[in-house]
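Heads up: the structure comes next, in structure tokens.
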Amino acid sequence: MNHKPDFYQISPQELRQYVLSHREDNEALRIYMDRMRSEPGVTRVTGTNSDEDMQKLEDLLKQSSKKQN
């Protein structure tokens, strides 16, 4: 039996790692997304965003990737 961690108690990094290794776990993904939305500086993208908004998002993702490496 595989025991799930308490998604509200583990660190954001641990939760991210869990979501990446358990992609079928929708509950974990929902909790991860909720936690990310509450983080300062997180940008929400919808289907109505402009090309300029999409470029800003791509730039933020590149910056984030550089910080994690």
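How long is the gain from Asp25 to Glu39 if the chain were fully straight, where each residue apart is worth 0.36 nm and the alpha carbon distance is subtracted?
On the way: separation 14, 0.36 × 14 = 5.04 nm, distance 2.17 nm.
Between Asp25 and Glu39, full extension yields 2.9 nm more.
For labels at Arg16 and Glu58 in the simple 7 Å Cα→Cβ model, what's the distance in nm?
2.2
Among all the aspartates and glutamates, which ones have a C-alpha under 17 Å from Lys4's C-alpha, if same-chain residues fewer than 8 places away are not counted?
Glu14, Glu24, Asp25, Glu27
Can you tell me the order of 24-30, 34-40 when each peptide is scored by its average per-residue count of other Cβ atoms within 10 angstrom, highest first?
24-30, 34-40
Cα to Cα, under 16 Å, and not fewer than 8 places away if on the same chain: which aspartates and glutamates meet these conditions relative to Lys62?
Within the straight-line limit of under 16 Å, Lys62 reaches these aspartates and glutamates: Glu52, Asp53.
Rule-based calculations on the coordinates, nothing more; no lab input. Here the structure is a predicted model, which means the values were calculated and not measured. Cβ sites come from the backbone with ideal geometry, for glycine too, and all protein chains shown count toward neighbours.
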